[in-house]
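What follows draws every value from the coordinates through simple rules; no lab data is involved. In this text, all values refer to a predicted model and were calculated from it rather than measured experimentally. Using ideal geometry, Cβ is built from the backbone for each residue, glycine included, and neighbour counts are taken over all protein chains shown.
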């Protein structure tokens, strides 16, 4: 698998970003405090257009990452407060359009300009990202799938999938079952083991690393 020029996905709050160069897309990952959130800046290689996944916090950090190239879009993966602390300031500074699922949009402190549902497409320059709606962590959580890289798909999962298991469903057995059903049907089912996972917190992983544990997650209930 091409992970590009030493990319590891291991970032720390206050530390440097990590950048992955794909043929058509550059992915830059940075961690922001105080909850160790991951934010991802995606840049189209052909046009230079940029998209941010989750303006979680540390506006200055995110704007330095954006630089002088401008920011076209911010996608909010879900409505939880730790993922939107810098959203208002980033949008005010850049004029970026805001994207979120309509089930979570009312709880996001900036109006959603472009609501998206399962199967919709979000574009950054000539790059297409497909929206994957996953219910359970929140009603309107979304993941973003980039599958134009011939080497492997890339999936930005917000807080729906991490190394070691699905996102927190806060003791709600029905929500856990719904999230697992969605992950198995929409993520583990159609996507190959080499799919790279970019979560909302912590280290990256792959579907191949996580797939053997699906039954274990079901059994433990979290």
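Among the residues of segment 125-144, write down those that are surrounded by fewer than 21 Cβ atoms within 10 Å (Cβ to Cβ) and not in a loop (DSSP other than H, G, I, E, B). Within segment 125-144, 128, 130, 131, 133 qualify. Here's a check for you: in segment 7-48, which residue that is in contact (Cβ under 8 Å) with a residue 60 or more places away in the chain and in contact with a helix residue (DSSP H, G or I) (Cβ under 8 Å, 6 or more places away or on another chain) is nearest to residue 83 (Cα to Cα)? In this case the residue turns out to be 37. The single condition from (1) part of a strand (DSSP E or B); (2) over 25 Å from residue 28 (Cβ atoms) that residue 174 fails is (1).
If you go through segment 193-222 and keep only what is touching a helix residue (DSSP H, G or I) at 6+ places or on another chain (Cβ under 7 Å) and in a loop (DSSP other than H, G, I, E, B), you end up with 193, 194, 195, 200, 221, 222. Residues that are part of a strand (DSSP E or B) and farther than 20 Å from residue 154 by Cβ within segment 37-69 are absent altogether.
Among the residues of segment 192-213, those that are over 17 Å from residue 37 (Cβ atoms) and crowded, with 22+ Cβ neighbours inside 10 Å comprise 195, 196, 210. Checking each residue in segment 70-95 for being in contact with a strand residue (DSSP E or B) (Cβ under 9 Å, 6 or more places away or on another chain), assigned to a helix (DSSP H, G or I) and under 15 Å from residue 201 (Cα atoms) picks out 82, 83. Suppose we keep only residues that are over 16 Å from residue 190 (Cα atoms) and outside any loop (DSSP other than H, G, I, E, B) within segment 150-171. Which one would you say is farthest from the chain's Cα centre (by Cα)? This residue is 165.
Restricting the search to segment 96-124, which residues are outside any strand (DSSP E or B) and farther than 30 Å from residue 21 by Cβ? Passing the criteria: 102, 103, 104, 105, 106, 107, 108, 109, 110, 111, 112, 117. When segment 177-191 is limited to residues that are touching a helix residue (DSSP H, G or I) at 6+ places or on another chain (Cβ under 9 Å) and in a helix (DSSP H, G or I), the one that is farthest from residue 218 (Cα to Cα) turns out to be 187.
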